[in-house]
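Peer 1: Dumping the structure here so I can ask a few things about it.
The values are calculated or read from the model by the stated rules, or taken from the named source; none is laboratory data. None of these values were measured; they are calculated from a predicted model. Positions of Cβ are backbone-derived with ideal geometry, glycine not excepted, and every protein chain shown enters the neighbour counts.
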C-alpha cells in the first residue's frame, strides 16, 4: 500500500510498502490494511502509527504526533493531510508540557465566555491542549 502524509509544519512521510496505518478519527481508532474500503475521514490530534517495510526490506514502525487533518483511502493508497506532524525524534517534551499548561490556563480563563472572541480563544486553547497531549503521548513511546 502507498502512504503519503503531508503537513504544514513538517515536510512529509512517504512509503510505497505500508502494511498498516492506525490513527484516531473523531469517532474512534481506525486501522487501515491493504484493500481497505474507500474512505474519507477526519483525524483529530493524536498518534498515527505506520507499519511498513523499509529500504532494507525490514519491517519497521514509525509513530508521529499529528494535529487535525483528513485521511483518504482509495485504490490501496492512503493520503493524509494534517496541520501538525511531529516525529518521535523531534518531540520537545518541555515545550509540550508548557503548551499544555498554557492551554489549560487559557481554557480556565475563557470557560464561561459569552463573547464570540473569547469563545474563539477557548477553542484555540482546546486545540493547543490536544496537540500538546499528542506530543506528550508520543514522547512516552520512546
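Peer 1: When region 14-36 is examined, which residues are found to be within 21 Å of residue 132 (Cα to Cα) and assigned to a strand (DSSP E or B)?
Peer 2: Residues of region 14-36 that are within 21 Å of residue 132 (Cα to Cα), as a first pass: 22-29.
Listed by number, the residues that qualify are 22, 23, 24, 25, 28, 29.
Peer 1: Here's something else I'd like to know. Based on what the data block shows, is residue 136 surrounded by fewer than 18 Cβ atoms within 10 Å (Cβ to Cβ), within 16 Å of the chain's Cα centre (by Cα) and in the same structural domain as residue 50 (by TED's automatic domain parsing)?
Peer 2: When the stated conditions are applied, residue 136 does not pass them.
Peer 1: Every residue in region 1-32 that is over 15 Å from residue 69 (Cβ atoms) and in contact (Cβ under 8 Å) with a residue 24 or more places away in the chain, please.
Peer 2: The answer is 1, 2, 15, 17, 18, 19, 20.
Peer 1: Okay, next question. Whether any residue in region 14-25 is under 22 Å from residue 141 (Cα atoms) and in contact with a helix residue (DSSP H, G or I) (Cβ under 8 Å, 6 or more places away or on another chain) is what I want to check. Quick ask: steps written out before the conclusion?
Peer 2: Residues of region 14-25 that are under 22 Å from residue 141 (Cα atoms), as a first pass: 14-15, 18-25.
From what's left, in contact with a helix residue (DSSP H, G or I) (Cβ under 8 Å, 6 or more places away or on another chain): none.
Scanning region 14-25 turns up no residue that is under 22 Å from residue 141 (Cα atoms) and in contact with a helix residue (DSSP H, G or I) (Cβ under 8 Å, 6 or more places away or on another chain).
Peer 1: Here is a further query. Out of all the residues in region 103-142, which are touching a residue at least 24 places away in the same chain (Cβ under 8 Å) and out of contact with any helix residue (DSSP H, G or I) (no Cβ under 7 Å at 6 or more places or on another chain)? Even if it seems obvious, please write down each step before you answer.
Peer 2: As a first pass, look at region 103-142 and keep what is touching a residue at least 24 places away in the same chain (Cβ under 8 Å): 103-104, 127-139, 141-142.
Correct list: 127, 130, 131, 134, 137.
Peer 1: Now for a separate question. Quick one: which of 62, 98 is surrounded by fewer than 19 Cβ atoms within 10 Å (Cβ to Cβ) and not assigned by TED's automatic domain parsing to the domain that holds residue 25? Talk me through it step by step, then tell me what you get.
Peer 2: Working: 62 fails: not assigned by TED's automatic domain parsing to the domain that holds residue 25.
Among 62, 98, only 98 is surrounded by fewer than 19 Cβ atoms within 10 Å (Cβ to Cβ) and not assigned by TED's automatic domain parsing to the domain that holds residue 25.
Peer 1: Which condition from (1) in contact with a strand residue (DSSP E or B) (Cβ under 6 Å, 6 or more places away or on another chain); (2) in contact (Cβ under 8 Å) with a residue 40 or more places away in the chain; (3) more than 17 Å from residue 137 (Cα to Cα) is the one that residue 35 breaks?
Peer 2: Among (1) in contact with a strand residue (DSSP E or B) (Cβ under 6 Å, 6 or more places away or on another chain); (2) in contact (Cβ under 8 Å) with a residue 40 or more places away in the chain; (3) more than 17 Å from residue 137 (Cα to Cα), residue 35 violates only (1).
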